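The values are calculated or read from the model by the stated rules, or taken from the named source; none is laboratory data. These figures come from a predicted structure and were not determined experimentally. Note that we place each Cβ from the backbone using ideal geometry, even for glycine, and neighbour counts take in every protein chain shown. Side chains included, ligands, DNA and RNA excluded: accessible areas come from the protein's heavy atoms. Shrake-Rupley method; radii C 1.70, N 1.55, O 1.52, S 1.80 Å.
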Amino acid sequence: MKNVKLRLFIFVIICIVFYYDYFTSCNNFNYIKFKCKTMTKDKPVPVENTTTDSAFFHAVNHIKSFEGFRSKVYLDNDGSPTIGYGHHLRQGENYQNISDSLASIILEQDLQKYLDRVEAKHKVKGDTLLALGLFSYNCGPGALDRAIDNGLLDNPQKILQYCHYKTKDKAGNITVHKSNQLLTRRKYEFALLN
């Protein structure tokens, strides 16, 4: 019984240290600075006095609900080595197996980078920034730039067209698939754009 209590005590101490380190490191992030709508999985719900961190973390949870967590490296639909919540491994990254908490930190950092890029390049704020950041996280910055060049900001309904993905087989043949899950994501982003 003493051994079990000792293990439990050590586990609690480790958790406290980890969470303290995690939350103090989160304060270093340059979180997005805008007032946004509170989000549910299906659609945004208008709420007054929403905090910046709340909007950011709702966006993170939205991504998590669609991406799902994988602790080990896998190949994404486009053939990229991926881990966690849809994090494409970059040159020099050698993650093989990660925890959910580390994957969450990586997701937050990735989303912030996408938001910073969208804000700097397209000069958007608020819900538009969030919608375009979510789109960019899912489809990539190049796809976002092309969508904007094709009039996305003038006609937000065009975002609903981006509900397809491509796969490549071993022979190199590319197949285009329509996805109801991607359509659900685009509807969510469309609601933010309106």
*Taking the stretch 111-132, which residues are open to solvent by 10 Å² or more (accessible area, probe 1.4 Å) and either among the polar types (S, T, N, Q) or within 12 Å of the chain's Cα centre (by Cα) (or both)?*
112, 113, 114, 128
*Top-ranked residue in the stretch 124-178 [being without any contact (Cβ under 8 Å) to a residue 12 or more places away in the chain and acidic (Asp, Glu); ranked as farthest from residue 108 (Cα to Cα)]*: 169
*Which condition breaks for residue 55 when tested against (1) loosely packed, with under 15 Cβ neighbours inside 10 Å; (2) under 29 Å from residue 150 (Cα atoms)?*
(1)
*Which of the residues spanning the stretch 134-179 are loosely packed, with under 11 Cβ neighbours inside 10 Å and either among the charged types (D, E, K, R) or in a loop (DSSP other than H, G, I, E, B) (or both)?*
149, 151, 154, 155, 169, 170, 171, 172, 173, 178
